[in-house]
Amino acid sequence: MTVSKSEDSFQDMSANLSERSRRVVWHPCTQMQNLIDAPVEPITKAEGPWLFGQKGQRWFDGISSWWTCLLGHRHPAIIQALHDQLDTLDHIMLAGFTHQPAVDLAERLVALTGRALSHVSFASDGASALEIALKQSAQAWLNHGLPLKTRFVCLSGSYHGETLGALGVTDQALFREPYRPLLRAGLVVSGPDNRRARLNGRTPQEEAALALTRLETLFQEEGATLAAFVCEPLMQGAGGMVMYHFDFLLGVRRLCDTYNIHWIADEIATGCGRTGTFFAVEQAGVWPDLLCLSKGITGGLLPLSVVLSSEDIFKAFLDEGVGRAFLHSHSFTGNPLACRAAVAMLDTLSDEQVLFHNKERGDQIELALKPLLECPDVLEMRRLGMVFAFDCRGGETQAKRIQAEAKSRGLLIRPIGATVYLMPPFLLSRENCVWLGDTLSASVVAVAE
Ligand SMILES: Cc1ncc(COP(=O)(O)O)c(C=O)c1O
C-alpha cells in the first residue's frame, strides 16, 4: 500500500518543523523528553561561518557543527568539486575497483606524513575509523603469531566514539555506563592535563613526564597482552578541551617501541589543522602506527573517515590466503563524492595557506577574548591553534546560561559540562574574529554571578 502525503497522519504540515522533528526524528545525544520544553532549532541555510533559521535569524557556528565544518559552510571549491564528481562517478564499491578521488586522497594523506604511514583505509565516521584501527592492531599481532596481544589502553577522560569497540576505549561514564555489560573495556591510565600541572605547581613537561611514568608502569605489567595505546594527541576534545604538552607524545612513541605496543593517534578532533599543524603529532615530531582522521576531512560537507597505517602493520596482513587479510568493509567505503570533497578541502588548505593565516586569525580571537582573563567566573583560559576554552567557576549551570546568552546574541556554542569553548570554522575575516571573541566575552559578562 502506498501512502500519499495527505493521507500520512504523521505528517501534520501545520505543525512547525521542530515539532515534526520531535515526533519522528530520534536526535543524537539528546533526552528526547526535554524537546517539549526545549525544541530543536530548525536550520534552513548555511553560508561561511553563518547558520540561518526559519524566521530569518542568523547565528555564527562557533563550534563548526560538532567540529566538522572546517573551512566554513558550503565552501565554493568543495561544492564545485562535488558538482564535477556528480557528473562522472557517484559511487562504486572499493573491493575489486578503484577510482581517482580515493587514490588522489590516499596519495595526498600519505605524502602529508612523509610516507611514515603508507596505506589508507576508508570509513564514514570517527567511531568507524576507530573500529578499523583497533581491529588492524589486534589482527596485526595475531598475524605475527602473538594472539595474546588483544587489549587496549586509553587515557582517563578519553573519547573515541560510540560504537561498541570505540566505547571500550572511551572513558566517559555518561556514554559508557548503559552499555557496560556489552563492552570489552580498555585499561584506563590517568593522562596529562596542563590545568592540573598549574594547580600543582608543575610545568606541563613535568606533568607529561608523570603521566608517562604511569603509562610505563602499566606497560611493564601488562605489555604482553597489550595490542595498542590510543590517545587524542595534544588535546582531549570531548573530555573538556584538556590540553597537554607534546613531550607526552614523544614518550608514548618511545614506550610503545620499547614494549612492542602499537600507538593509535585519534586525530578525529585534532587533525586537519585544528591544533595549528595538519596533524597534531607533527608538533612532537613523531608518528603513530595508526592514525585516524574524520570530521573536517571533507570540510564537513560529507561523512568520511580514514585510517592511515604504517608499512609494518600493512605488511603483517600480506599472505597468499585470504584469512590473514583485513576483511573489514563498509558499503560506502571510499565513496567518490566524499573523497573528492576531501581532496578539494586539502587543495583549499594549501592554495589559500589556511593554516598559515590561522595563526593571525587565532591571535585576533584570543585578543578579543582577553577581557575574560579579568572575569572571576572564568577559570583556566586556554588555547591550542584554533581551539579556545575556559572552565566556568559556576560549573555546568553557568556554562548553560552562557550558551543561552550567546545564542540570543547570535553565537552558537555547546559547552561540555563546565567547559565553554570555541572551535570556529577556519575561513574568518578579521571582523568575524573580533565579533566572535567580543560576543563570547559579552555573553560571559552578561551572566556573571
Ligand atoms: C577524538 C574523537 N574520536 C572519535 C570521535 C567519534 O567520531 P564520530 O562522532 O564521527 O563517530 C570523536 C567525535 O567527537 C572525537 O572527538
**Report entry** Positions within segment 259-297 being touching a residue at least 24 places away in the same chain (Cβ under 8 Å), at negative phi and charged (D, E, K, R), in sequence order
**Finding:** Asp266, Glu267, Arg274, Asp289
Query - Pick from segment 52-64, criterion among the small types (Gly, Ala, Ser) and surrounded by fewer than 18 Cβ atoms within 10 Å (Cβ to Cβ), ranking: nearest to Leu302 (Cα to Cα) - result: Gly53
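Quickly run through segment 217-256 and pick out the residues that are touching a Lys or Arg at 6+ places or on another chain (Cβ under 6 Å) and hydroxyl-bearing (Ser, Thr, Tyr). Lay out the reasoning, then the answer.
Let us first name the residues in segment 217-256 that are touching a Lys or Arg at 6+ places or on another chain (Cβ under 6 Å), namely 225-227, 243.
Within segment 217-256, Thr225 is the sole residue that qualifies.
Residues are listed down the side, and each one gets a yes or a no for (1) part of a loop (DSSP other than H, G, I, E, B); (2) touching a helix residue (DSSP H, G or I) at 6+ places or on another chain (Cβ under 8 Å); (3) within 16 Å of the ligand (Cβ to nearest atom); (4) outside the structural domain of Val343 (by TED's automatic domain parsing):
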| position | (1), (2), (3), (4) |
| --- | --- |
| Ala95 | yes, no, no, no |
| Asp104 | no, yes, no, no |
| Ala127 | no, yes, yes, no |
| Leu146 | yes, no, no, no |
Query - Answer from Leu109, Leu155, Leu70 - the residue that is crowded, with 19+ Cβ neighbours inside 10 Å, touching a residue at least 24 places away in the same chain (Cβ under 8 Å), assigned by TED's automatic domain parsing to the domain that holds Pro42 and within 23 Å of the chain's Cα centre (by Cα) - result: Leu70
Query raised in the report: Only one residue in Ser128, Ser121 is among the polar types (S, T, N, Q) and under 16 Å from the mean Cα position of the chain (by Cα), so which one is that?
Result: Ser128
Report summary line: By my count, strands (runs of 3 or more DSSP E) wholly in segment 298-416 with at least 1 residues that are surrounded by 14 or more Cβ atoms within 10 Å (Cβ to Cβ) and in contact with a Gly (Cβ under 6 Å, 6 or more places away or on another chain) are 305-309
Requested in this report: Sort through Ser118, Ser137 and tell me the only one that's touching a Leu at 6+ places or on another chain (Cβ under 9 Å), surrounded by fewer than 18 Cβ atoms within 10 Å (Cβ to Cβ) and in contact (Cβ under 8 Å) with a residue 40 or more places away in the chain.
Outcome: Ser118
Report task. Could you check Thr88 against (1) surrounded by fewer than 20 Cβ atoms within 10 Å (Cβ to Cβ); (2) touching a residue at least 40 places away in the same chain (Cβ under 8 Å); (3) polar (S, T, N, Q) and say which number it fails? Result -> (2)
Query raised in the report: Looking only at segment 158-189, which residues are away from the ligand (no atom under 11 Å from the Cβ), surrounded by 20 or more Cβ atoms within 10 Å (Cβ to Cβ) and closer than 22 Å to Ile416 by Cβ?
Result: Gly168, Asp171, Gly186, Val189
**Report entry** Filter result (within 11 Å of the ligand (Cβ to nearest atom) and either within 13 Å of Ser64 (Cβ to Cβ) or in a loop (DSSP other than H, G, I, E, B) (or both)) within segment 285-295
**Finding:** Ser294, Lys295
Query raised in the report: In segment 236-281, which residues are outside any loop (DSSP other than H, G, I, E, B), within 12 Å of the ligand (Cβ to nearest atom) and touching a Cys at 6+ places or on another chain (Cβ under 9 Å)?
Result: Ile264, Ala265, Asp266
Query raised in the report: Which of (1) closer than 30 Å to Leu82 by Cα; (2) in contact (Cβ under 8 Å) with a residue 60 or more places away in the chain; (3) out of contact with any Cys (no Cβ under 7 Å at 6 or more places or on another chain) is the odd one out, the single condition Leu369 does not satisfy?
Result: (1)
**Report entry** Any chance Leu308 is modelled with pLDDT of 95 or more, more than 24 Å from Leu142 (Cβ to Cβ), within 16 Å of the ligand (Cβ to nearest atom) and in contact with a helix residue (DSSP H, G or I) (Cβ under 8 Å, 6 or more places away or on another chain)
**Finding:** no
Requested in this report: Any chance you could count how many residues in segment 224-235 are under 14 Å from Arg254 (Cα atoms) and part of a helix (DSSP H, G or I)?
Outcome: 0
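The values are calculated or read from the model by the stated rules, or taken from the named source; none is laboratory data. What you see is a predicted model; the values in this text were computed from it and never measured. Cβ atoms come from the backbone with ideal geometry, glycine included; neighbour counts cover every protein chain shown.
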